[in-house]
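Data first, discussion second: the structure below is written as structure tokens.
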Amino acid sequence: MDAQAGQYLDAARGGDIAAAADLIGLFYERLYGFLRRLSGSEADAADLTQRAFARIWQALPTYAGRGSLSAWMHGIAYHTFVDWRRADPRLDWRPDVWWEACAAPGLSPADAACASDSAAAVYAEVERLEPETRATVHLHYYQGLTLEETAQALEVATSTVKYRLRQAIGRLQSGLRDATSPGAPAALPSAQRTEL
């Protein structure tokens, strides 16, 4: 865990409100970006981020430090999203036009993919994945969590994360190959490479 985050965590556990605010400042944008990609709405993502931080503060005394603080927080955020989605299952799918209009700010693996001609196709294919596989892709590739951190956040085995990522890559390659002209190789984003 980052030393600064560790100091804020310890102080926040001791009741220091300023340290709690600093800890939120360190992780707010990452959790908001993750929840924005999953929920498909800036307003919903803001609400979900607030709910996730409320759950984080309630669970803060139980954080044992066995994994990274980032993975623990992303896990709570993911479960907050899943609970919200279960309450209204109509929220799962977003059209390609929405993704084009809501590109994440800043240069990230997703933005690098948006810069290429195949970005729209990549996003569309990712959104067609099963919800658990899609969340795995978002956590590992877009949020930059390691395989172990992704497994911890989703509460699954690392082998399950590897399987889901292999499955996702296969589906993306197949879907993109079908979407391109015959003989033209499908371009996949040059996001973080993982040995599976």
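The values are calculated or read from the model by the stated rules, or taken from the named source; none is laboratory data. In this text the structure is predicted, and so the values were computed from the model without any measurement. Backbone-built Cβ (ideal geometry, glycine too); neighbour counts: all protein chains shown.
Summary table
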item: The range 26-50 residues that are modelled with pLDDT of 90 or more, paired with ones that are surrounded by 16 or more Cβ atoms within 10 Å (Cβ to Cβ) and β-branched (V, I, T) (beta carbon under 6 Å, 6 or more apart); result: L31/T49; Y32/T49; L35/T49; L48/T80
item: Selection count where residues are in a helix (DSSP H, G or I), at pLDDT 90 or above and either among the hydroxyl-bearing types (S, T, Y) or more than 29 Å from V97 (Cα to Cα) (or both), scope the range 113-160; result: 12
item: L60 within 16 Å of the chain's Cα centre (by Cα) and hydrophobic (A, V, I, L, M, F, W, C); result: no
item: Residue within the range 71-78 that is at pLDDT below 90 and more than 20 Å from the chain's Cα centre (by Cα) present; result: no
